[in-house]
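Data block below; observations after.
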Amino acid sequence: MGGGTLRDVLIRQVPSVLSTGLYAFPALVAAVITVAASSIGVYGWQAATVAAAACFLIRLVGVHLSLNAPEPPGAAQRHPDSPEQE
């Protein structure tokens, strides 16, 4: 796990998990839910289940609707499939 991300970092590209599909956003939402639950005193399997379900549902909707993460400005010029610009 993480081999593709390591490869992208070594070849100085934005890791694909941050630019294609919805990977980072559902994980961020789950982390926010976990921190919020912890701050109000809810620990254990309840908080973990809600966070995991939210992450799974967001990812499922993203796959079903073919949603992608937003690209940073100028990413179209650096995309590997685009022609080289010099």
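Structural remarks
- Label zone of Ala53 (point 7 Å out along Cα→Cβ, amide N under 20 Å): in region 21-38 this covers 26-38.
- Hz values of 3J(HN,Hα) by residue in region 34-39 - Karplus curve (6.51, -1.76, 1.60), Gly and Pro given as x: 5, 5, 4, 5, 5, 5
- Per-residue Karplus couplings for region 25-31, computed as 6.51 cos²θ - 1.76 cosθ + 1.60 with θ equal to phi - 60°, are listed in order as 5, x, 5, 5, 4, 4, 5 Hz, Gly and Pro entered as x.
- Val35 paired with Val17, simple spin-label distance in nm, labels 7 Å along Cα-to-beta-carbon: 1.8
- Length available on full extension from Val9 to Ala24: 0.36 nm per residue minus the Cα-Cα distance, which gives 3.8 nm.
FYI, it's all coordinate maths here, none of it is from the lab. What you see is a predicted model, and the numbers here were worked out from it, not measured in a lab. Here Cβ is always computed from backbone atoms with ideal geometry, including for glycine, and neighbour counts include all displayed protein chains.
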